[in-house]
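Let me begin by presenting the structure, written as structure tokens, before commenting on it.
No lab work stands behind these numbers, since they all come straight from the coordinates. Keep in mind that what you see is a predicted model, and the values were worked out from it rather than measured. We place every Cβ from the backbone using ideal geometry, glycine too, and count neighbours over all the protein chains shown.
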């Protein structure tokens, strides 16, 4: 079958679209020889299959390639719960308390919250959405409410806003932080907005600033807010939330205009912006001649046709090539 056939799709994309896992995880499954197509083990992630004709299986279990509407849930993770499907230590997971309608679905968590943290965690069957939400290219903002022991000073907020360095040497992008409660002598509540996914970032930042985290809760991710969702409960995203979430990672509808790239903070504290559009080409490929003034033509020659001394030559304008 022609590899350019529009009916064909990459095998890792087919697994993600079926809700088995993300594309990244699908590549790992394929490389491990756990995926078969029509009964034959495949190890090439770029292999293209026809979802309408080929039989796909993972660990011998058939994968339903029939298109289904993806599901994305907002869950209020409680502290003392791990963000995995299963835990070798037997600790409770974010999937243990799911209501019956969603227990049989191939949901997987988008990112992680550590064992002691709480708040919003997204669960989805949409592999492409999960991949983009966790990819560093998109930098979807996440807001946290953090209760700390210790006095928070304006200097500390400035250090976070400029982009700080962790004790292990990692340079962080700027973090917008503001006081919600306090500052008291020994306790304060901060709201922090992160654009990175560094492991245990907030706790490590606070450790550098000699602050002790007492409570850490994620209150939003992109356009999705935790709101008044009770601990341990979950709900399906509204159409508006889902549309906003997809737009935030460039997954617009086919009839929608693509959103322009957004500037994002960097570890150096500046802002990366899209490149400027190229200037229109000049007629004939030549630069327009400058107006002559003061006996000079503006082209590096005198009126008598002889080359002008260097001090007589007009200064190049900023931005001109040498």
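Were the residues from residue 116 through residue 137 laid out at 0.36 nm apart, the gain over their Cα-Cα distance would be 4.8 nm.
Normalised by the number of residues in segment 73-128, the average gap of Cα pairs under 8 Å and 6 or more apart makes the relative contact order 46 percent.
Here r is the Cβ-Cβ distance between residue 199 and residue 50 and R0 is 25 Å; the resulting FRET efficiency, rounded to 0.05, is 0.05.
The modelled label-to-label distance between residue 78 and residue 219, using points 7 Å beyond Cα along the C-beta direction, is 2.3 nm. Rounded is the label for segment 9-62. Its Cα gyration tensor axes, ordered a ≥ b ≥ c, give a/c under 1.5. Rounded to the nearest Å, what's the spacing between the alpha carbon centres of segment 28-57 and segment 115-146? Just the number, please. Centre-to-centre (Cα) distance: 28 Å.
Each of 142, 77, 13 has some number of other Cβ atoms within 10 Å of its Cβ, and from fewest to most they run 13, 142, 77. Each Cα pair under 8 Å and six or more residues apart adds its sequence gap; the mean of these over the residue count of segment 141-221 is a relative contact order of 47 percent. Label point of residue 59 set 7 angstrom out along Cα-Cβ; within segment 101-137, amide nitrogens under 14 Å from it belong to 106-107. Relative contact order, whole percent, for segment 9-62 stands at 37, derived from Cα pairs under 8 Å and 6 or more residues apart. Exposure proxy shown here: for 205, 164, the number of other Cβ atoms within 10 Å sets the order, fewest to most, as 164, 205. Legend: calculated FRET efficiency, residue 42 to residue 153, from the Cβ-Cβ distance at R0 = 56 Å, rounded to 0.05, equals 0.45.
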